[in-house]
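Step one of this worksheet: look at the structure below.
Taken together, the values in this text are just the output of simple stated rules run on the coordinates, not laboratory data. Predicted model, so just to flag it, every value in this text is computed and none were measured. Glycine also receives a Cβ, built like all others from the backbone with ideal geometry; neighbour counts cover every protein chain displayed.
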Amino acid sequence: MDTPGTESCIGTQVDDAEFLVEVKSELPMKINPHGKRKNLARHYAPHLLAVFVAVLFVHDVFGTHGFLAMHRKQQEIQKVKSDLDRLSKENSALELDVKNLKTDAHTIEKIAREELGQARPGEVIIKLPAPPPNDSQPPKP
């Protein structure tokens with residue numbers, strides 16, 4: 001009978017009888033390196049994939065071009081846009097002032113009287129002293 005690790009074969013006939021010859025062979029177990037690699041790959045592949053996905057996730061959130069950086073850049077863009085709008089309005093107001101200073105006689109006269117202290121012929125300018133600064137501390141008795 002065949003048992004594990006043995007080989008059997010049928011021999012030749014001797015005197016009209018068949019006989020069974022049992023040959024024992026103990027073959028060394030062959031290690032298939034490709035099979036072992038496949039087992040390692042099957043074992044570690046899900047873990048490596050999970051680590052790879054985690055690294056990609058961290059990079060996409062915290063990286064130089066990640067979600068947080070893009071959010072900060074969008075806030076910065078909004079701030080710059082609001083500053084641009086404010087400066088455009090200020091620029092328009094200053095352009096109107098320049099136009100008025102060049103063409104409007106009333107504006108020119110107002111600046112001459114208030115800032116330069118000029119008056120029309122026959123007018124007298126009376127300047128009052130500036131009020132003293134208001135101290136928040138009560139006077140001492």
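Has the range 115-123 got any residue that is assigned to a helix (DSSP H, G or I), aliphatic (A, V, I, L, M), out of contact with any Phe, Trp or Tyr (no Cβ under 6 Å at 6 or more places or on another chain) and surrounded by 10 or more Cβ atoms within 10 Å (Cβ to Cβ)? Scanning the range 115-123 turns up no residue that is assigned to a helix (DSSP H, G or I), aliphatic (A, V, I, L, M), out of contact with any Phe, Trp or Tyr (no Cβ under 6 Å at 6 or more places or on another chain) and surrounded by 10 or more Cβ atoms within 10 Å (Cβ to Cβ). I'd like to check something: does the range 88-103 contain any residue that is surrounded by 10 or more Cβ atoms within 10 Å (Cβ to Cβ), assigned to a loop (DSSP other than H, G, I, E, B) and not β-branched (Val, Ile, Thr)? No, because not a single residue in the range 88-103 is surrounded by 10 or more Cβ atoms within 10 Å (Cβ to Cβ), assigned to a loop (DSSP other than H, G, I, E, B) and not β-branched (Val, Ile, Thr). Looking at the range 65-78, can you tell me whether even one residue there is loosely packed, with under 11 Cβ neighbours inside 10 Å and assigned to a loop (DSSP other than H, G, I, E, B)? Yes, there is a match, as at least one residue in the range 65-78 is loosely packed, with under 11 Cβ neighbours inside 10 Å and assigned to a loop (DSSP other than H, G, I, E, B).
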